[in-house]
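> The following block contains the structure, expressed as structure tokens.
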Amino acid sequence: MQFIVVLALVAFSQIPTAASADVCPGLPASSGLAWQLKRGPDFDVCYAHEVGSTESRFGVYLGYAPGFDVAGAARLGQGRVAGRAVVWYKDDQGGPFGRQTVFRVDKTGEWAHVWVLAKTSKELQDSLSVIENITLP
């Protein structure tokens, strides 16, 4: 019985792409990407992937307790997320060109933690060009 409950919880924790429209940032129509949404008790995590693929290109955490702290992180430089100026930091888990940033979304205290998974500089640039133009909910 416990197995069935756990299986049901796992199944419902991954919301179909259509349901992500109200929660995940808006993607540029020309990006060719879609979101996979995973909901937590007080946060949402959106994974961007190419339509027809399950391999994530980048992700966005929206919630009140991001798991990334800039203290001690290796700074890579300036950038933009959803039109906002940000500082990018090295993300060792994101591949050779991986990077991440974190910033407060609004006055309610919600944060965005954005990370890029990239094996090549082209993958990085392709993802960054989309991330610059997403729209936060």
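The values are calculated or read from the model by the stated rules, or taken from the named source; none is laboratory data. These numbers were taken from a predicted model, which means no experiment stands behind them. So basically every Cβ, Gly included, is an ideal-geometry build from the backbone, and we count neighbours across all protein chains shown.
> Against the definition (in contact with a strand residue (DSSP E or B) (Cβ under 9 Å, 6 or more places away or on another chain), basic (Lys, Arg) and crowded, with 20+ Cβ neighbours inside 10 Å), how does Arg57 come out, yes or no?
Yes.
> Do we have Ala65 as closer than 18 Å to Val23 by Cβ, assigned to a loop (DSSP other than H, G, I, E, B) and of a type in the set (Gly, Ala, Ser) here?
Answer is yes for this residue.
> Here's another thing I want to ask about it. Considering only residues that are part of a strand (DSSP E or B) and not aromatic (Phe, Trp, Tyr), which ones fall in region 98-137?
Keep residues of region 98-137 that are part of a strand (DSSP E or B), which gives 99-104, 111-116, 135.
Within region 98-137, Arg99, Gln100, Thr101, Val102, Arg104, Ala112, His113, Val114, Val116, Thr135 qualify.
> Please go through region 77-97 and pick out each residue that is closer than 13 Å to Leu128 by Cβ and part of a helix (DSSP H, G or I).
Gly94
> Now for a different question. Filter region 23-55 down to residues that are in contact (Cβ under 8 Å) with a residue 40 or more places away in the chain and closer than 17 Å to Glu132 by Cα, then give me how many there are.
Residues in region 23-55 being in contact (Cβ under 8 Å) with a residue 40 or more places away in the chain and closer than 17 Å to Glu132 by Cα: 8 in total.
> Is there a residue in region 63-76 that is closer than 17 Å to Asn133 by Cβ and of a type outside the set (A, V, I, L, M, F, W, C)?
No, region 63-76 contains no residue that is closer than 17 Å to Asn133 by Cβ and of a type outside the set (A, V, I, L, M, F, W, C).
> Let me ask something else. Checking Thr135 against (1) touching a residue at least 24 places away in the same chain (Cβ under 8 Å); (2) crowded, with 19+ Cβ neighbours inside 10 Å, only one condition comes out false. Which one?
Going through the list (1) touching a residue at least 24 places away in the same chain (Cβ under 8 Å); (2) crowded, with 19+ Cβ neighbours inside 10 Å, Thr135 breaks only (2).
> Just the residues that are modelled with pLDDT of 95 or more and touching a Gly at 6+ places or on another chain (Cβ under 7 Å), please, taken from region 65-91.
Answer for region 65-91, where residues must be modelled with pLDDT of 95 or more and touching a Gly at 6+ places or on another chain (Cβ under 7 Å): Val86, Trp88.
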